[in-house]
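A.B. asks: My structure is below; once you've seen it, I'll send some questions.
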Amino acid sequence: MKHIKLFEQWLTDKSQPLLLEGGAAGHMKHPFDNKNLTFGDFKNLINSGLSGELNFEEAPTEKTDGQNLFATIQDGKVKFARNQGEMRSPLDLQGINQKFEGHASKLVQDTFQFAAADLANLLIKLPVKTQDAVFDNGKNFMNMELIYSKNPNVIHYDIDVIQFHGIKKTDGDGKIIGDDPSAAKKVAGVLKKLKSDIGKTFTIIPPKVLALRKDINFDANTAKFIKKVEDLKNVYNLTDADEVSKYHEMWWIDQIEATFPELSQDQKKGLLLRWAYGDKKTLNIRALDKDLGKEKAAIIKKFDKEDVKKKQKENIRPFEDLFLELGSVILKNASNFVAANPTKEMQRLHKEIKAAAAGIKKSGDLSQIEKVTKELERLDRIGGVESIIPTEGLVFKYKGTTYKLTGTFAAINQLMGIMRYGR
């Protein structure tokens with residue numbers, strides 16, 4: 001096959017190695033986002049997940065749907081950050097209060113101001129030795145989620161908690177250089193022991209460990225999902241030992257060969273790196289005017305501007321659908337969610353989505369109807385409305401990397417956005 005020969009030839013070109021790492025720095029990945037995983041890894045995750053055994057390196061925890069905040073202790077004061085700039089120069093209690101004072105949403109304002117007040121009062125009670133070890137005088141930040149029952153996002157929680165996720169270590173200038181997830185449980189445990197975990201509004205909790213059980217239809221579902229992996233693997237005659245990157249590279253080579261067969265090998269490789277991995281340096285697309293002539297170059301530029309994002313979604317969709325559906329099945333077998341009454345919240349979500357979707361289909365504009373229809377189709381592909389669980393998903397660690405399984409959350413998040421805001 002032509003594309004395989006081209007692929008093998010590119011792999012031997014050590015002067016311009018292929019980029020094999022996907023995903024943005026700091027972004028928690030779905031398994032399908034990491035193109036370095038092998039098809040064998042995918043099969044292992046399927047079998048382990050459906051067995052209720054995603055505790056490869058640590059217990060799986062719930063991914064919650066709240067507002068993000070970072071806190072540290074610097075020069076004996078609790079300080080806060082929401083971004084890299086603020087990590088460089090964190091805000092004190094007055095600063096964070098001013099940041100959210102007069103916010104368009106009074107509930108958002110209350111969430112951050114109430115949480116900051118509680119954190120300023122509670123964190124400072126940690127022993128000085130612990131403060132120094134954990135926060136390194138303002139260089140390290142506790143990453144946390146603010147869950148305020150009066151200010152829900154997609155999931156409605158019936159408790160007010162600050163959930164610690166772990167420490168983000170910085171270089172002192174705001175750049176994150178490492179993390180320590182284990183610090184979340186340790187610090188929350190120390191606060192609880194000191195009876196300093198309960199504030200005026202919020203209670204501080206560690207990551208919520210989920211209880212997973214073996215899927216009731218384990219054999220049938222394992223066979224179904226393994227077949228999906230086999231079908232993807234066999235498209236390009238790959239093996240369990242092959243990294244998934246090979247599939248994506250060969251897929252893009254097919255697209256480039258079919259659409260722009262007249263280009264040179266170096267130009268095709270440049271387009272592969274640009275479109276599959278976001279490398280815009282190897283090939284200067286502006287230089288194509290000189291190399292190909294303005295008319296031919298204009299066709300490639302038009303494709304780059306108008307079609308690439310659609311193609312990227314087309315490329316990843318079978319992997320995305322596989323893991324979103326797998327996540328929805330695994331989450332059905334989970335319990336011990338942050339929501340105190342998950343059954344009630346699940347029923348609310350089912351009812352609200354069905355009613356709102358029906359309303360938009362009846363009276364919405366064409367753009368809204370098209371968007372809702374598209375998201376409902378995606379929801380159907382991964383289990384349908386009845387598979388919606390009242391959680392954003394679960395988090396687990398595999399081969400040193402932290403991953404998320406979100407099931408239907410991405411689809412319902414998009415649906416809620418369309419229904420509430422028309423986008």
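A.B. asks: Tell me, what is the FRET efficiency for Asp254 and Ser51 to the nearest 0.05, using R0 = 45 angstrom and their Cβ-Cβ distance as r?
C.D. replies: Numbers: r = 36 Å, r/R0 = 0.79.
That gives a FRET efficiency of 0.80.
A.B. asks: Among Gly400, Pro261, Ile96, which residue has its Cα positioned farthest towards the positive end of the charge dipole of the chain, with +1 placed on the Cβ of Lys and Arg, -1 on the Cβ of Asp and Glu, and the dipole taken about the Cα centre?
C.D. replies: Going by the charge dipole, the pick is Ile96.
A.B. asks: Could you tell me the relative contact order of segment 65-205? Use alpha-carbon pairs under 8 Å, at least six residues apart, and round to a whole percent.
C.D. replies: 27 percent
A.B. asks: So for the chain, taking the charge dipole from beta-carbon charges (+1 Lys/Arg, -1 Asp/Glu), which of Leu212, Gly52, Tyr157 sits furthest toward the positive end?
C.D. replies: Tyr157
A.B. asks: Give the residue from Leu37, Asn121, Val187 lying farthest towards the positive end of the charge dipole for the chain; charges sit on Cβ (+1 for Lys and Arg, -1 for Asp and Glu) and the dipole is referred to the Cα centre.
C.D. replies: Of the listed residues, the answer is Asn121.
A.B. asks: Round to the nearest 10 and give me the degree value, 0 to 90, for the angle of helix 366-381's Cα axis relative to the longest principal axis of the chain.
C.D. replies: The answer is roughly 90 degrees.
A.B. asks: In whole Å, what is the distance between the alpha-carbon centres of segment 165-240 and segment 66-118?
C.D. replies: Segment 165-240 and segment 66-118 have Cα centres spaced 25 Å from each other.
A.B. asks: Write down, largest first, the equivalent ellipsoid semi-axes of segment 65-205 in whole Å, where each equals the square root of 5 times an eigenvalue of the alpha-carbon gyration tensor.
C.D. replies: On the way: eigenvalues 96, 62, 38 Å².
For segment 65-205, the ellipsoid semi-axes come out as 22, 18, 14 Å.
A.B. asks: Most fluctuating residue of Ala355, Ala116, Ala183 in a GNM of the chain with Cα springs under 10 Å: which is it?
C.D. replies: In this elastic network of the chain, the residue with the biggest mean-square fluctuation among Ala355, Ala116, Ala183 is Ala355.
A.B. asks: State whether segment 281-423 is rounded, prolate or oblate according to the following rule on the C-alpha gyration tensor (a ≥ b ≥ c being the square roots of its eigenvalues): a/c under 1.5 gives rounded; otherwise a/b larger than b/c gives prolate, and the remaining case gives oblate. Don't skip to the end; give the middle numbers.
C.D. replies: Numbers: a/c = 3.47, a/b = 1.66, b/c = 2.09.
Because a/c hits 1.5 or more and a/b fails to exceed b/c, segment 281-423 counts as oblate.
A.B. asks: Next question. Per residue, how big is the convex hull around the C-alpha atoms of the chain? Give it to me in cubic angstrom, could you?
C.D. replies: Values: hull volume 74.7 nm³, N = 423.
That works out to 177 Å³ per residue.
A.B. asks: Which whole-number percent is the relative contact order of the chain (Cα, under 8 Å, 6+ apart)?
C.D. replies: On the way: 633 pairs, mean separation 92.0, N = 423.
Relative contact order comes out at 22 percent.
A.B. asks: Viscosity 0.692 mPa s, temperature 37 °C: Stokes-Einstein D of segment 92-157 from its Kirkwood Cα radius, in µm² per second?
C.D. replies: Values: Rh = 13.5 Å.
The calculation lands on 244 µm²/s.
A.B. asks: What does the charge dipole of segment 220-291 about its Cα centre add up to, to the nearest 20 debye, if the Cβ of each Lys and Arg holds +1 and the Cβ of each Asp and Glu holds -1? It would help to have the intermediate numbers written out before the result.
C.D. replies: Details: 12 positive and 13 negative charges, 56 e Å.
Value, rounded to 20: 280 debye.
A.B. asks: Once you charge only the Cβ atoms, +1 for Lys and Arg and -1 for Asp and Glu, what is the size of the charge dipole of segment 65-205 about its Cα centre, to the nearest 20 debye?
C.D. replies: Numbers: 19 positive and 17 negative charges, 65 e Å.
Here the size comes out at about 320 debye.
A.B. asks: Dividing the convex hull volume of the alpha carbon atoms of segment 232-288 by its residue count, what do you get in Å³ per residue? Walk me through the numbers on the way to the answer.
C.D. replies: On the way: hull volume 5.0 nm³, N = 57.
It is 88 Å³ per residue.
A.B. asks: Now, a different point. Taking the Cα centre as origin and putting +1 on Lys and Arg beta-carbons and -1 on Asp and Glu beta-carbons, what dipole magnitude results for the chain, to the nearest 20 debye?
C.D. replies: Working: 67 positive and 58 negative charges, 132 e Å.
Result for the chain is approximately 640 debye, rounded to the nearest 20.
A.B. asks: At 7 Å along the Cα-to-beta-carbon direction for both Leu366 and Arg348, put a label point, then send me their distance in nm to one decimal.
C.D. replies: Label-label distance for Leu366 and Arg348, simple model: 3.7 nm.
A.B. asks: Quick one: what does P(r) look like for segment 362-423 with 10 Å bins over all Cα pairs, in whole %?
C.D. replies: Distribution as computed: 22, 41, 26, 9, 2 percent.
Every number here is computed from the coordinates shown, using simple stated rules; none is lab data. Quantities reported herein were computed from a predicted structural model and do not represent experimental measurements. Quick reminder, even Gly has a Cβ in these numbers, built from the backbone with ideal geometry, and neighbours come from all protein chains shown.
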